[in-house]
Amino acid sequence: MLNKGMYQILNVDDTDHLGFKVVVLNDKTYLIIFDSFFNILQGNNLFNTIFKGEEARDELSNLVKLKNKFSRCIEFDFEFDFVDSCKSFNAHLYFVKKNKKHYLFLVENKITISKFDLEFKLKYYDLLTDLPNRHLFYLLFERIIKKRNTSQHGVISINLDGFRVVNNYFGHRAGDNLILQISKNLSAYISNSGWLFRMAGDSFLILQENIEGIKKLEILSENLIDLICTVYPIEKMEMLVTASIGISHYPSHGYDVDTLLKKADIALYDSKSTGYNNYKIFNPEMIKSTNAYLTLGGDLRNAIENENFELYYQPKVNAESFNIMGAEVLIRWQHPEMGLITPDRFIPIAEESGLIIPLGEWIIRDTCSQLLEWDKNNEFNLIVSINISMKQLAHNDFIDMVVEILSEYKINPKRLEFEITETVLMNDVNRIIDKINKLKDIGINISIDDFGTGYSSLSFLKILPIEIIKIDKSFIRELCCSDDDKAIVEATINMALSLNIEVVAEGVENMEQIRILRNYGCHYFQGYYFSKPIRKKHLSVFVINIKK
């Protein structure tokens, strides 16, 4: 392993090692030869590397003259120190007079930073984290591959999820502090088992040499996901950070560095497109989906400007009467070439790019417009819920934007419900709590979506003005046959009841689930048993039919 770009220069032969010179120790080789008047006749490679064109030549020569003048011995040793903006040199030197010449030998030297070393460090190391950078990754991996043996190697590409929000809302200094914390954690975990590189921004890469197979890369990636996914202190606050990972394998996925890096990045894009905080191993099918992912990213901004979206509504019904009490807004993108695109394909892109801010505003505005239309027609008085992301809540103008839209459409705030996920509560807790309290003061209902899948503390249910929790469909799916899911769902409902919080069960698909949930005291149902997400023009028909 390299020692962070700081190399000990010894004595005397030049050796090509990763593009720079190392001088090998040989205690029979002189450092400098002086004439009888202490003028420098000749210097070896170490001397020329350290002192070329430097005032230290004269300083060292004068020092030897002075030492020799006051020494009765023809041999003596001394310490010499020279420091300037480019380097520091500290050595134990040995001086000998022989055949009218004066020889200066290097007996011992300490770690030295030469001008050449600094140039290497600037080129091959990241200045913030002191980790090797992209250039050194290429240099090292190309040398490893050139060996042409039967060894297997792995490339693990890591990107932090939603890192841009840290820089945008807390400043670049906070972003740098977060990168430093994560890089230290990664470095400590990887240690001597592999190479860790900072490729750029919030992107890291791990190179694993001589592995036994892809399975080791999977295990390592799972551990890395768990390692990174934790709460970090940011500017006297706490933020939950997750990462997405892509994996490529030598020789299965390629025989050159560019191909392997590209395929690891393709796997990374694929993992982001299907949700955050996971990893993917490259397979050829990902190329099509990645091209589509990148195409969608380019088209999304135009789609927001042209309002190429449509809101669908999935009804929520009372658990006892089956009367409709509200609906969840779900956005669809009508792409001119790809047709109707569901949110799981483009919301991650919107989150990553920051386009979730204008897109989220459009959703709230269009929802309020629809509520106003229903009110004018005296159709029904529903509470409509909208999913709100952490980036939206963190945005400085979010509260003002909501108030402005409510005022513009003259909508009673109690007709709106904002759904937030548990993971939102783990990001800048104090600031998020303040925003949620302000929303509640306005009159907007607050619910926790996908309850049971995040990392939040149950204490938040006491601190925050939460009125509804939505049990994630993953617990409902196997409710009829899984004792564990039954126990979790029953405990969740009992806890909510004790706190006077209402419960919605998501993903309800059959009468047996309904029977169990009713017995537990669940208040509302949402799922395909009642209705899939439908267009607004079909919602009126649904309301009439559900009453029948």
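The values are calculated or read from the model by the stated rules, or taken from the named source; none is laboratory data. What you see is a predicted model, and the numbers here were worked out from it, not measured in a lab. Every residue, glycine as well, gets a Cβ built from its backbone with ideal geometry; the counts of neighbours run over all protein chains shown.
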Exercise. Where residues in the range 483-530 are in contact (Cβ under 8 Å) with a residue 24 or more places away in the chain and small (Gly, Ala, Ser), which of them is nearest to Leu464 (Cα to Cα)?
Worked result: Ala496
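Do you know which residues across the range 487-501 are surrounded by 14 or more Cβ atoms within 10 Å (Cβ to Cβ) and either touching a helix residue (DSSP H, G or I) at 6+ places or on another chain (Cβ under 7 Å) or not assigned by TED's automatic domain parsing to the domain that holds Gly521 (or both)? Can you show your working first?
Within the range 487-501, the subset surrounded by 14 or more Cβ atoms within 10 Å (Cβ to Cβ) is 488-490, 492-493, 495-497, 501.
Correct list: Ile488, Val489, Glu490, Ile493, Ile501.
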Seminar exercise, completed: Taking the range 326-347 and keeping residues modelled with pLDDT of 90 or more and either aliphatic (A, V, I, L, M) or not assigned by TED's automatic domain parsing to the domain that holds Trp374 (or both) leaves Ala327, Val329, Leu330, Ile331
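Could you please find all residues in the range 223-258 being in a helix (DSSP H, G or I) and of a type in the set (A, V, I, L, M, F, W, C)? Let's see the steps before the verdict.
Filtering the range 223-258 for residues in a helix (DSSP H, G or I) gives 223-228, 257-258.
The answer is Leu224, Ile225, Leu227, Ile228, Val257.
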For this session: Please tell me if Gly527 is small (Gly, Ala, Ser) and more than 14 Å from Phe322 (Cα to Cα).
Result: no
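Pick out, from the range 449-548, the strands (runs of 3 or more DSSP E) lying fully within it that include 1 or more residues that are at pLDDT 95 or above and under 35 Å from the mean Cα position of the chain (by Cα).
Values: elements: 468-471, 502-506, 524-526.
By residue number, 502-506, 524-526.
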Seminar exercise, completed: For the range 364-410 the number of residues that are part of a loop (DSSP other than H, G, I, E, B) and buried (at least 20 other Cβ atoms within 10 Å of the Cβ) is 3
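Kindly evaluate Leu220 against the criterion of being part of a strand (DSSP E or B), out of contact with any His (no Cβ under 6 Å at 6 or more places or on another chain), closer than 16 Å to Gln152 by Cα and not assigned by TED's automatic domain parsing to the domain that holds Ile432.
Working: part of a strand (DSSP E or B): no; out of contact with any His (no Cβ under 6 Å at 6 or more places or on another chain): yes; closer than 16 Å to Gln152 by Cα: yes; not assigned by TED's automatic domain parsing to the domain that holds Ile432: yes.
Criteria not met by Leu220.
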Exercise. List, please: which pairs have Cβ atoms under 9 Å, are six or more places apart or on different chains, and start with a residue in the range 301-312 that is on the phi > 0 side of the Ramachandran plot and in contact (Cβ under 8 Å) with a residue 24 or more places away in the chain and end with one that is hydrophobic (A, V, I, L, M, F, W, C) and surrounded by 14 or more Cβ atoms within 10 Å (Cβ to Cβ)?
Worked result: Glu307/Trp362
For this session: Could you grab me the full set of residues in the range 132-170 that are at pLDDT below 90 and part of a loop (DSSP other than H, G, I, E, B)?
Result: Lys146, Lys147, Arg148, Asn149, Thr150, Ser151, Asp161, Gly162, Phe163
